[in-house]
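Engineer: Sharing a structure, written as structure tokens. Questions coming.
The values are calculated or read from the model by the stated rules, or taken from the named source; none is laboratory data. These numbers were taken from a predicted model, which means no experiment stands behind them. With ideal geometry, Cβ positions are generated from the backbone for all residues, glycine too; neighbour counts draw on all protein chains shown.
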Amino acid sequence: MDAAIMEGLHLKAGAVASVEGILHPITAARLVMEETDHVLLVGPFAGKFARHFNLDRHRSISAPRSLSYDRILAKQKRSRAERHGTVGAVALDRSGTVAAGASTGGIDSMLPGRVGDSPLIGSGVYADNRSGAVSMTGTGEGIIRLVIAKSICDHLVMGKSPAVAARQVLRMLVSRIHGSAGALVLSPDGRFAIKHVTPHMAAGWWNGTGQPTVRGQFP
Ligand code: ASP
């Protein structure tokens, strides 16, 4: 699993990548942000770090010992990667501070050791009170290559609305490298957009009162 979290006031960030057996990897990412001088911990050392803080564990689903690289690579050639189990969030507090986070089990047919966009600051998540907060889902390889979360924030700084910024960057992802993704985008003044170039994206929003709104598609 991979996870990252970032806040927009001091640009503090924390992330873990390739961790196993932690129930909430985002909590480990937050501890990296709050308790260390680092941004990203990986693999067994990230797991050790989580154990040091007694984070809840779960039974790990590790890669099988007899791993067939040939089979995985053949499957990757046959079909586009399916995604599953990713959760992202963006938030704004009363003082105008934005934050973004993402946590994922990755994509189908991934090789052990593969790291997606979610723990990479600027790719899967970004937050800056001067631009906004972005959390991405989708095929990480494309999101990484175009540094999508930071690109959307750069569009926000230029004065574009969250909807326009997300649409333009996602279009570029599709046209330049046939990428596939969805974005949660929130600006410090409270405007937000949920955009995707995938057939579906389940997401919701809540403004602090009443019921949250949840949908499976966003035009
Ligand atoms: N972005 C994640 C990854 O590539 C997967 C996902 O969003 O579903 O690891």
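Engineer: Suppose the filter is within 9 Å of the ligand (Cβ to nearest atom), at pLDDT below 95, closer than 19 Å to residue 204 by Cβ and surrounded by fewer than 21 Cβ atoms within 10 Å (Cβ to Cβ); does residue 85 pass it?
Structural biologist: yes
Engineer: What are the residues in region 153-202 that are within 16 Å of the ligand (Cβ to nearest atom) and buried (at least 23 other Cβ atoms within 10 Å of the Cβ), if any?
Structural biologist: 166, 169, 170, 173, 181, 182, 183, 184, 185, 195
Engineer: Tell me, which residue of region 88-113 that is at pLDDT below 95 and within 10 Å of the ligand (Cβ to nearest atom) is nearest to residue 25 (Cα to Cα)?
Structural biologist: So, considering only residues that are at pLDDT below 95 and within 10 Å of the ligand (Cβ to nearest atom), the one nearest to residue 25 (Cα to Cα) is 105.
Engineer: Does residue 128 count as within 16 Å of the ligand (Cβ to nearest atom) and acidic (Asp, Glu)? Give the derivation first.
Structural biologist: Details: within 16 Å of the ligand (Cβ to nearest atom): no; acidic (Asp, Glu): yes.
Here the answer is no, as residue 128 does not meet what is asked.
Engineer: Filter region 1-44 for residues that are aliphatic (A, V, I, L, M) and surrounded by fewer than 16 Cβ atoms within 10 Å (Cβ to Cβ); which is farthest from residue 133 (Cα to Cα)?
Structural biologist: 23
Engineer: What are the pairs, 6+ residues apart or on separate chains, where a residue within region 63-77 that is outside any helix (DSSP H, G or I) has its Cβ under 6 Å from a residue that is modelled with pLDDT of 85 or more?
Structural biologist: Going by the 6 Å Cβ cut-off, the qualifying pairs are 63/112.
Engineer: Which residues, taken from region 105-135, are in contact with a Ser or Thr (Cβ under 7 Å, 6 or more places away or on another chain) and buried (at least 24 other Cβ atoms within 10 Å of the Cβ)?
Structural biologist: 116, 117, 118, 124, 125, 132
Rundown of residues vs (1) under 18 Å from residue 146 (Cβ atoms); (2) aliphatic (A, V, I, L, M); (3) in contact with a strand residue (DSSP E or B) (Cβ under 8 Å, 6 or more places away or on another chain); (4) at pLDDT below 95, yes/no style:
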site	(1), (2), (3), (4)
168	yes, no, no, no
172	yes, yes, no, no
179	yes, no, yes, no
182	yes, no, yes, no
188	no, no, yes, no
191	no, no, no, no
194	no, yes, yes, no
209	no, no, no, yes
219	no, no, no, yes
